[in-house]
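What follows is calculated from the coordinates using simple rules that are stated; it is not laboratory data. Remember, predicted model here, so these are calculated numbers, not experimental data. Backbone-built Cβ (ideal geometry, glycine too); neighbour counts: all protein chains shown.
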Amino acid sequence: MNTRALIGLAFVVAGGWKLASMWGIVQEGWLWQQPWIAYIAPVLLVYLGGRFVIDGFRHDRDQWLQRPLPINEEGKRICCSVRYGGDEYVYHGEPFHGAYLDAFCGGIRLDLRNALITEDEEIDMRTFIGGIELYVPSNVNVLVKSRSFIGGVRNKSPRNAEETAPCLHIVASNFIGGIDIKN
């Protein structure tokens with residue numbers, strides 16, 4: 001057991017102890033004198049303890065579902081839409097010809113570091129209480145146009161000095177969401 005699992009187990013025991021005290025199984029009233037603690041504390045302790053225990057036994061904390069590339073009818077622009085979850089799309093040497101990404105209460109991770117980008121392409125991104133991570137190769141430039149409400153776009157990709165370098169045009173629309181662009 002790791003540290004998080006032990007902390008979680010301590011929370012579960014503390015919450016169970018409080019419930020046992022409330023039901024008269026254990027008499028420890030001196031410990032819980034405040035009236036608001038009578039119902040909120042045990043539920044909160046059991047919930048937090050359960051979360052710590054479950055997270056302590058989870059070996060893979062990266063919960064992204066790796067999916068095949070959703071290429072549209074013409075075989076060019078990909079369309080990815082996520083609702084209440086997280087999907088990951090990784091290019092392994094395939095040509096990239098633009099994308100439409102839509103994250104609604106979820107997240108998308110698009111990895112273009114190994115994609116073949118030979119000309120300027122456009123990526124249309126929309127988030128609603130969600131986020132998108134975009135990994136771009138170092139040989140492209142990234143230009144961002146964004147409209148955001150309580151959200152934004154962070155572009156951490158370096159600018160390529162070559163004039164002939166292809167450019168990714170990012171058109172972003174965020175509502176309580178964000179987009180992170182990096183190498």
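The simple spin-label model puts a point 7 Å past each Cα toward its Cβ; for Phe149 and His92 those points are separated by 4.1 nm. Rounded to the nearest 0.05, the FRET efficiency derived from the C-beta distance between Tyr47 and Leu6 at R0 = 22 Å is 0.80. Straight-line cross-link reach from Lys145 at under 29 Å between alpha-carbon atoms covers these lysines, not counting any fewer than eight positions away in the same chain: Lys76, Lys156, Lys182. Give me the net charge for the shell around Cys105: Cβ to Cβ below 14 angstrom, other residues only, Lys and Arg +1, Asp and Glu -1. Overall, the nearby charge balance is 0.
About its Cα centre, the dipole of region 134-183 is roughly 200 debye, where the only charges are +1 on Lys and Arg Cβ and -1 on Asp and Glu Cβ. Over all other residues within a Cβ to Cβ distance under 10 Å of Ile181, the charged ones net out to +1, with Lys and Arg as +1 and Asp and Glu as -1.
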